[in-house]
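Working notes, structure below.
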Amino acid sequence: MTSPAPPAEPKKAVAFIDGQNLYFSAFEAFGYTFPNYDPAALAKAVCLSKGWELAQVRLYTGIPDPAEDRFWHHFWSAKKTALTRQGVYVFTRHLRYREKKIRLNKGVRFELPDGTYLLGGTQLFDLRGREVPSGTELVIRVGEEKGIDIRIALDIIGLARERKYDTALIFSQDQDLSEVVDEVIALAATQARTIKVASAFPDGASNRRGINRTDWIPIDKATYDTCLDPRDYRPKS
């Protein structure tokens, strides 16, 4: 009588979370108007469902300059401090700003300083109380992330080279990260092992695709809601 084979050891996973990509996906899928997720809880939930051992959680996000947007600068600074104390690695980079021209129409949506939104089609008025007509060209100042996806890609490859994980769990739908998959697979071959690359994302948005050449892991609202951060870092005034 042969003895049963020992159970396979859990695959060691590192979670790489694109903070802004995850937020906008959750907003579109579930309607949440600020980044209310707990990255560690979310990574643990996905790993538990797959039988993976979570080795590390890494969050990457742009952060506004306080002179440009005090509200979101306060939010991300406070959230970064709390997450770092929990052992989450947090990488931040200041946003870069430019002026962008948009034409006012029924589909234009505006973000307010408190993190809420004016829906498309909302009436806008100038300082004299006159309605701004549809078709008016507006100039707005917008902040853009630069280098976040590059930093994620570099860390995915670097930690794979150091054999820190067997599974790269990427919380993002950014197809720019698809190029890193082939690099990781080639690196794994030189190490005579297999590395899995998966992408997790909120399920329900119009974009229901994970990163190309990865295993896709849709996250339903029930699972997401069990991983909400109990703390609200938005300024009270």
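Read-outs throughout are calculated quantities, based only on the coordinates presented, and are distinct from any laboratory measurement. All values derive from a computational prediction rather than experimental measurement. Heads up, the Cβs are rebuilt from the backbone with ideal geometry, glycines too, and the neighbour counts pull from every protein chain shown.
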Revision key, fill the gap. One finds, for Lys164 and His74 with R0 = 30 angstrom and r their Cβ-Cβ distance, a FRET efficiency to the nearest 0.05 of 0.35
Check your understanding: What list of ³J(HN,Hα) values in whole Hz, one per residue of the range 89-96 in order, does the Karplus curve 6.51 cos²θ - 1.76 cosθ + 1.60 (θ = phi - 60°) give from phi, with Gly and Pro shown as x?
Key -> 7, 10, 10, 10, 9, 5, 5, 9
Point to revise | Above-threshold pairs, the threshold being 18 Å between Cα atoms, out of Lys11/Lys196; Lys11/Lys221; Lys50/Lys80 | key: Lys11/Lys221; Lys50/Lys80
Revision key, fill the gap. Given backbone amide H placed at 1.01 Å from N, residues whose amide H is under 5 Å from that of Phe171, ignoring those fewer than 5 places away on the same chain, are Phe16, Ile17, Asp18, Ala200
**Study point:** Alpha-carbon gyration tensor eigenvalues x 5, square-rooted, for the range 128-237, Å
**Key:** 37, 19, 15
Practice item. Return the sequence-ordered ³J(HN,Hα) values of the range 171-188 in whole Hz as given by the Karplus equation 6.51 cos²θ - 1.76 cosθ + 1.60 applied to θ = phi - 60°, using x for Gly and Pro. Key: 8, 5, 10, 6, 5, 4, 7, 5, 5, 6, 4, 4, 5, 5, 4, 5, 5, 4
Exercise for review: Once you have the Cα-Cα distance between Arg213 and Lys44, take 0.36 nm times their residue separation minus that, and quote the gain in nm to one decimal.
Suggested key: 58.6 nm
Study note, to complete from the structure: Scalar couplings 3J(HN,Hα) for the range 76-84 by Karplus 6.51 cos²θ - 1.76 cosθ + 1.60 (θ = phi - 60°), nearest whole Hz, x for Gly and Pro, are 6, 5, 5, 5, 4, 4, 5, 5, 4
**Study point:** Residues with amide H under 5 Å from that of Thr136, placed H, sequence gap 5 or more
**Key:** Leu104
Check your understanding: Amide H to amide H under 5 Å from Asp65: which residues, 5+ apart in sequence or cross-chain, H placed 1.01 Å off N in plane?
Key -> Leu95
